[in-house]
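Enquirer: One structure, pasted below without further comment.
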Amino acid sequence: MIQAGAAIVDITPPPGLAMSGFAARTLPARGAHDALTVRAVVVGDTAVVVADVIGIDAATSDRIRKRCVLPADNVVAAALHNHGGPVSMAGRLSIAADPAYLERLEDACVAAIDKAAAARRPATITVGQGSDPGIARNRRHPGGPVDASLPLLRIRAADGDMIAVVTAYACHPVVLAADNLLWTADYPHFVRQALEEAHPGAIALFMTGCVGDANTGHSAHASISLAANPDRSFAAAERIGRKIAEAALGAAEQPVSDAVSARSAIVSLAFERRETEAPQTLENRWREEALTAEPSRKSLLFYWADWARDIAPLKPEPLAARVTVLDWGGVPIVSLPGEIFAETALTIRTSLGADKPALVIGFADDNPGYIPPASEFQFGGYEVDEAHRYYGMAATFAPGSAEALAACAIELAKATSSGSGAA
């Protein structure tokens, strides 16, 4: 029988801290709508921990994995990627992080893993596939691909108590927009709330899937605005979250085996500069445009100008990207860094068997920005041409990066499922 445990640690910041996620938003948080948390589920000697922040950088993830009680190679430290949380990565996303909060976040992730590990008891896991909730939309191409998969793991103790319910869905947690000044986990808060109402005493773990080109239907540029939008309200987030939870809870239950394993590998990702003009030229133009720009556009232009001055002149070294596949009784949890597009997730799913329940997630062990598939570079746009500036990266990831991550994940998943990796 599998040993499993789960834990939650509160990480809600005080009011007054800077919020992360929208260049247009310059005011700090004025309170909390819902508690921000770190949630960990431990199965055997493997774990997934998810923090309600926009990203956890590679160095922090590495420390979390090494500090916790489990083998470092068996742990995935992921971010929910909600845009209603605090600055959580040093040197990224254009706003200075609070060092005390970064320390608190790291400690909370370690504590959640250790608490979940200490709470392990004999358990069984079932898996099922929820129906497509019809929420996610491809924000770059009308009618374009999305990863509509909605797997649900139910982890029960031997006495029948539900320890945890685990799901993942690929839709950007950006129902709330730049006008929101309250701490929130966005729609995943309501998904978790509904799952826990259905299973009292259980801890709900929501993992954000490959959402680089998926949200509820607005373009990325629609977020460069401080205007209120009735479609981007807490009421809308609750409706969306509960619809996703309802679809997940309809999943059938298929028992899984007692085998638990983990494998990880490092993929070296190169960069390719998209800008053709000299950094000084770009800086001068953006600062000049900012003089007459409306306020939210002005904020963005200042970020870009600072990027052109401080970061664009740097030659980016290849990034060491960690890919991990946990296998929980035959159910793969494929963990990728950054903002991954639907095409990449669907490639992985097709290789693993399109009908096989698998959790394919982004923002795992690092969040260096968007990693577009090669097919998307011809279309440009925010995710390809601009987002790296906001992320504080000198250039866009080179074409082929997403494909390299997918190939690595597929190789790991096939090796893991064949029993080559043991936790």
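The values are calculated or read from the model by the stated rules, or taken from the named source; none is laboratory data. If you're wondering where the values come from, they're calculated on a predicted model, not measured in any experiment. No Cβ is skipped: glycine too gets one built from the backbone with ideal geometry, and neighbour counts run over all protein chains shown. We work out accessible area using only protein heavy atoms, side chains counted, and drop any ligands, DNA or RNA first. Shrake-Rupley method; radii C 1.70, N 1.55, O 1.52, S 1.80 Å.
Enquirer: With Cβ to Cβ distances under 9 Å as the rule, what net charge do the other residues near H218 carry (K, R +1; D, E -1)?
Expert: Details: positive: R137, R139, R232; negative: D231.
Combined, the nearby Lys, Arg, Asp and Glu give +2.
Enquirer: Right, another one. Among D98, D159, D327, determine the one that fluctuates most according to a GNM of the chain built with springs between C-alpha atoms less than 10 Å apart.
Expert: D159
Enquirer: Given (1) 25.4, 88; (2) 20.5, 58; (3) 20.3, 67, which label gives Rg and Dmax of the Cα atoms in Å as computed from the coordinates?
Expert: Of the listed options (1) 25.4, 88; (2) 20.5, 58; (3) 20.3, 67, (3) comes from this structure.
Enquirer: Could you pull out every one of the lysines with an alpha carbon less than 29 Å from that of K315, ignoring same-chain neighbours closer than 8 positions?
Expert: Qualifying lysines at Cα under 29 Å: K298.
Enquirer: While we're looking at this one, here's another question. Sorted by accessible area (1.4 Å probe), largest first, how do V69, V110 line up?
Expert: Ranked list, largest accessible area first: V69, V110.
Enquirer: Sticking with this one: Taking all pairs of different Cα atoms in region 245-287, averaging 1/r and flipping that mean, what Kirkwood radius in angstroms comes out?
Expert: 17.2 Å
Enquirer: Something else: About the Cα centre of the chain, what is the dipole size in debye to 20, counting +1 per Lys and Arg Cβ and -1 per Asp and Glu Cβ, all else neutral?
Expert: Charge dipole of the chain: 240 debye, to the nearest 20.
Enquirer: Sticking with this structure for a sec: Of all accessible surface on the chain at a 1.4 Å probe, what whole percent is carbon and sulfur?
Expert: 53 percent
Enquirer: Determine which residues of region 161-180 fall in the zone a paramagnetic label at A32 would reach in this model, i.e. backbone nitrogen under 19 Å from the point 7 Å along Cα→Cβ.
Expert: Answer for this model: 176, 180.
Enquirer: Show E339, E275, E246 ordered by accessible area, largest first, where the area counts protein heavy atoms only and the probe is 1.4 Å.
Expert: Numbers: E339 5, E275 25, E246 140 Å².
Order by accessible area, largest first: E246, E275, E339.
Enquirer: Here is a follow-up. For region 159-203 and region 274-351, write down the distance between their C-alpha centroids in whole Å.
Expert: 26 Å
Enquirer: Same structure, new question: Could you sort 355-361, 141-147 so that the peptide with the highest average Cβ count within 10 Å comes first and the rest follow in order?
Expert: 355-361, 141-147
Enquirer: Hey, what's the chain come to in accessible area per residue, 1.4 Å probe, Å²?
Expert: Accessible area per residue, the chain: 36 Å².
Enquirer: Long-range amide H contacts for I203: which residues qualify at under 5 Å (H placed 1.01 Å from N, peptide plane, sequence gap of 5 or more or a different chain)?
Expert: A164, V165
Enquirer: So, one more: Going by the alpha-carbon gyration tensor, a ≥ b ≥ c the square roots of its eigenvalues, is region 70-221 rounded (a/c under 1.5) or, if a/c is not under 1.5, prolate (a/b greater than b/c) versus oblate?
Expert: It is oblate, given that a/c is not under 1.5 and a/b is not larger than b/c.
Enquirer: Also, quick follow-up: Over the Cα atoms, compute the radius of gyration (one decimal) and Dmax (the largest Cα-Cα distance, rounded to a whole number) for region 1-148, in Å.
Expert: For region 1-148, the Cα radius of gyration and maximum Cα-Cα distance read 17.2, 51 Å.
Enquirer: What net charge is computed for the residues neighbouring L195, neighbours being all others with C-beta under 13 Å from the C-beta of L195, Lys and Arg scored +1, Asp and Glu -1?
Expert: Once all neighbours under 13 Å are counted, the net charge is +2.
Enquirer: Could you list, bin by bin from short to long, the percent of Cα-Cα pairs of region 298-410 in 5 Å steps?
Expert: Each 5 Å bin holds this share of Cα pairs: 2, 11, 20, 21, 17, 12, 8, 5, 3, 1, 0.
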